[in-house]
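A.B. asks: Can you read through this structure? Questions will come right after.
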Amino acid sequence: MMYRKINSGWLKHWDFELFDIVCMEIALIIAYLYRKPQNLMQMYMRISLLLVLFAIAVDFFTKNYENIIQRTKWIELWAVIKHITIIHMVLLIYMYLSREIDAFSRTIFLLSWGISIFLCYGERVVWKKIVRYNLTKEKNQANMLLISDNERVAECVKSLRIKPYRGFKICAVALLHEQLPDGRIDANIPILYGRDVMLEYIRQNVVDEVFIDAYQSKQELSELTDIFLSTGITVHIGTGYLPKNMPNQLIEKIGAETAITTSLQVAQEWKLTVKRLVDIIGGLVGVIFTGILCLFVVPAIKIVDPGPVFFKQKRVGKGGRVFHIYKFRTMYVDAEARKAELMAQNEMKGLMFKMENDPRIIGSEKGPGKGLGNFLRKTSIDEFPQFVNILKGDMSLVGTRPPTLSEYEQYSLHHKVRLSMKPGLTGMWQVSGRSNITDFEEVIRLDEKYLQRWSLRLDVKILFKTVGVVLGKRGSK
């Protein structure tokens, strides 16, 4: 799974830092407009810039934002007072050393200081509520499975939950070699006894991360790590010997526990933020084009085959989460019912269904590759409604192909690696042959390759390749 690495340095809470700077600038403007000093506009513009620089410097050398999400309101108020006071004292010292202190209005200084405290405190309280709300939303929390033993399990659960606002929840506890005497830890946490039960739970449920707190041998730890990584699950190892096969190792604090984290890909948070911003911009542009296409596609579908214009289907997204995908309908209304009788002609080796000259496609009776449905598919026009999925956050511009529920239910554990990221409108598989690839394991290999090599540059490269593939109508059926 692509693991979201939380910044641990002074820029960890860059959002709070940015909002504080904006509030201090607003406070300075209000104070300046109240006092309206004559012929000193240039000096106060320079002070405005200095406030930004001094705020960044103070952020770097102090720990004012450390543990900010967990702090209470009164502790936060004291933290804001200290932070704003230090920045304004640094500014005052600079004005003294630059011999501009006499021209610097005491009224503006005190007003700026007081208003900054008021605005920054209010901003932090409000933004903290928003961040906490997002952290506790189920869709934003990673599902973590804990592997422990009788002796450690209760303490480990407590330690992992030590912070009330966190980006994960314990979805289950696995005890591989023993059973709890009292039968449970928490009414909301299922207990899994034995390896087979645990693996079946992972196959059937959404599990994003595993925290290994206890194991019997180095061999067992190595085997478990291999299994979890092969499914795209991020592994946190609490204690013990470390296996050799641990890519992208990180030492992290999970609650109060120290863990060695390994994942097929570790992405810095700012890169994922950029990826999401690109998705939003691309999604907005795509939705506009989709609206324009509707003027032509909607009447065409209605004329050729009366029925729904859009095809809505349940697909499986990141980690096994189910969502509805949208497309322009290119098949006859009874297409899903007729799929079973055509399975013998499936060209794909594995769990996906592909068929040349599929008779379910609208207009296919006119000949191979002809008809409205084939035209929409060859030009990829049928995919345009998925820009709605991208805006909703179910999909990304670049990712892996989202499987159908029937495909997903047949997945082996190692197939789940392709669900480690949000599914995409395009991806490595689509620009490497699309329908010309007939082996499902090759699709898995390409998806895993994309995950391991992911970067913003690779996404851009795939997007440009996609344009070439679509315009050239290569590998599309």
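Throughout, read-outs are computed from the coordinates displayed, never taken from laboratory work. These numbers were taken from a predicted model, which means no experiment stands behind them. Backbone-built Cβ (ideal geometry, glycine too); neighbour counts: all protein chains shown.
A.B. asks: Rounded to whole Å, give me the distance from the Cα center of segment 363-396 to that of segment 268-340.
C.D. replies: 8 Å
A.B. asks: Sticking with this one: Tell me the angle of helix 14-35 to the major Cα principal axis of the chain, expressed in degrees between 0 and 90 and rounded to the nearest ten.
C.D. replies: That works out to roughly 40 degrees.
A.B. asks: Distance between Cα centroids, segment 57-94 to segment 122-186: provide it in whole Å.
C.D. replies: 30 Å
A.B. asks: Could I ask something else about it? Could you work out [θ]222 nm for the chain from helices alone, using -39500 (n - 2.57) per DSSP H run of at least four and dividing by all its residues? Round to the nearest 500 deg cm²/dmol.
C.D. replies: Using -39500 (n - 2.57) per qualifying helix, the result is -15500 deg cm²/dmol.
A.B. asks: Now, a different point. Residues of segment 294-310 with backbone nitrogen within less than 14 Å of a virtual label 7 Å along the Cα-to-Cβ line of Lys366, please, listed as ranges.
C.D. replies: From segment 294-310, the list is 300-305.
A.B. asks: Hey, another quick one. Using +1 at the Cβ of each Lys and Arg and -1 at the Cβ of each Asp and Glu in segment 2-136, identify which of Trp78, Tyr34, Leu18 lies farthest towards the dipole's positive end.
C.D. replies: Trp78
A.B. asks: Hey, what do the phi angles of segment 155-161 turn into as Karplus ³J(HN,Hα) couplings, whole Hz, using 6.51/-1.76/1.60 and θ = phi - 60°, x for Gly and Pro?
C.D. replies: Along segment 155-161, the couplings run 5, 5, 4, 5, 5, 5, 9 Hz.
A.B. asks: State to the nearest 20 debye the size of the charge dipole of segment 2-136 about its Cα centre, where the only charges are +1 on K and R beta carbons and -1 on D and E beta carbons.
C.D. replies: For segment 2-136, the charge dipole is close to 340 debye.
A.B. asks: Work out from phi, with θ = phi - 60° and the Karplus expression 6.51 cos²θ - 1.76 cosθ + 1.60, the ³J(HN,Hα) of each residue of segment 219-232, listed in order in whole Hz, and give x for Gly and Pro.
C.D. replies: 5, 5, 4, 5, 5, 4, 4, 4, 4, 5, 5, 5, 9, x
A.B. asks: Defining a contact as two alpha carbons under 8 Å apart and six or more residues distant in sequence, what relative contact order in percent does segment 2-136 show?
C.D. replies: Result for segment 2-136 is 42 percent.
A.B. asks: Ok, one more. Report, in debye and to the nearest 20, how large the dipole of segment 270-472 comes out about its Cα centre when Lys and Arg carry +1 and Asp and Glu carry -1 on their Cβ.
C.D. replies: The dipole magnitude comes to about 660 debye.
A.B. asks: What are the residues whose amide H is under 5 Å from the amide H of Met331, where those residues sit 5 or more places off or on another chain and H is modelled from the backbone?
C.D. replies: Ile362
A.B. asks: Just subtract the alpha-carbon distance of Lys158 and Leu272 from 0.36 nm times their residue separation and send over the number in nm, one decimal.
C.D. replies: My answer for the length gained is 38.0 nm.
A.B. asks: Quick one: angle between helix 269-304 and the longest Cα principal axis of the chain, in degrees between 0 and 90, rounded to 10, please.
C.D. replies: Once rounded, the angle reads 40 degrees.
A.B. asks: Given H placed 1.01 Å from N in the peptide plane, which residues other than close sequence neighbours of Ala174 have an amide H under 5 Å from its amide H?
C.D. replies: Leu146, Ile147, Ser148, Leu192
A.B. asks: Mind checking which of Tyr411, Ile280, Leu192 is farthest towards the positive end of the chain's charge dipole, using Cβ charges of +1 (Lys, Arg) and -1 (Asp, Glu) about the Cα centre?
C.D. replies: Ile280
A.B. asks: Does segment 139-263 come out rounded, prolate or oblate by the C-alpha gyration tensor, with a ≥ b ≥ c the root eigenvalues, rounded set by a/c under 1.5 and, if not, prolate when a/b is larger than b/c and oblate if not?
C.D. replies: Since a/c stays below 1.5, the shape of segment 139-263 is classed as rounded.
A.B. asks: Also, I was wondering about something else. Taking Rg and Dmax of the Cα atoms in Å as the quantity of interest, determine which of (1) 29.7, 118; (2) 58.4, 200; (3) 27.9, 89 was computed from the displayed structure.
C.D. replies: (3)
A.B. asks: A follow-up question, please. So for the chain, taking the charge dipole from beta-carbon charges (+1 Lys/Arg, -1 Asp/Glu), which of Ile101, Leu451, Leu91 sits furthest toward the positive end?
C.D. replies: Value: Ile101.
A.B. asks: I would also like to ask the following. Shape of segment 270-472 from its Cα gyration tensor (a ≥ b ≥ c, root eigenvalues): rounded if a/c is under 1.5, otherwise prolate when a/b > b/c, or oblate?
C.D. replies: Because a/c hits 1.5 or more and a/b fails to exceed b/c, segment 270-472 counts as oblate.
A.B. asks: With +1 assigned to the C-beta of every Lys and Arg and -1 to the C-beta of every Asp and Glu, and no other charges, what is the dipole magnitude of segment 152-201 about the Cα centre in debye, to the nearest 20?
C.D. replies: Using Cβ point charges on Lys, Arg, Asp and Glu, segment 152-201 gives about 380 debye.
A.B. asks: With contacts defined as alpha carbon pairs under 8 Å and 6 or more residues apart, what's the relative contact order of the chain in percent?
C.D. replies: Relative contact order, the chain: 14 percent.
A.B. asks: Sticking with this structure for a sec: Quick one: 3J(HN,Hα) in Hz for segment 360-365, Karplus 6.51/-1.76/1.60 with θ = phi - 60°, rounded, Gly and Pro as x.
C.D. replies: 7, 6, 4, x, 5, 5
A.B. asks: A follow-up question, please. Sort out the exposed loop chymotrypsin sites (Phe, Trp or Tyr not before Pro) in the chain (DSSP loop, at most 16 other Cβ within 10 Å) and tell me the longest stretch that has none.
C.D. replies: Answer - 1-164.
A.B. asks: Using only the alpha-carbon atoms, how far is helix 106-136 inclined from the longest principal axis of the chain? Give it as 0 to 90 degrees, nearest 10.
C.D. replies: Taking the Cα atoms of the chain, the angle to 106-136 is about 30 degrees.
A.B. asks: While we're looking at this one, here's another question. Note down the net charge around Ser48, summing +1 for each Lys or Arg and -1 for each Asp or Glu among other residues with Cβ under 15 Å from its Cβ.
C.D. replies: Net of charged neighbours comes to -1.
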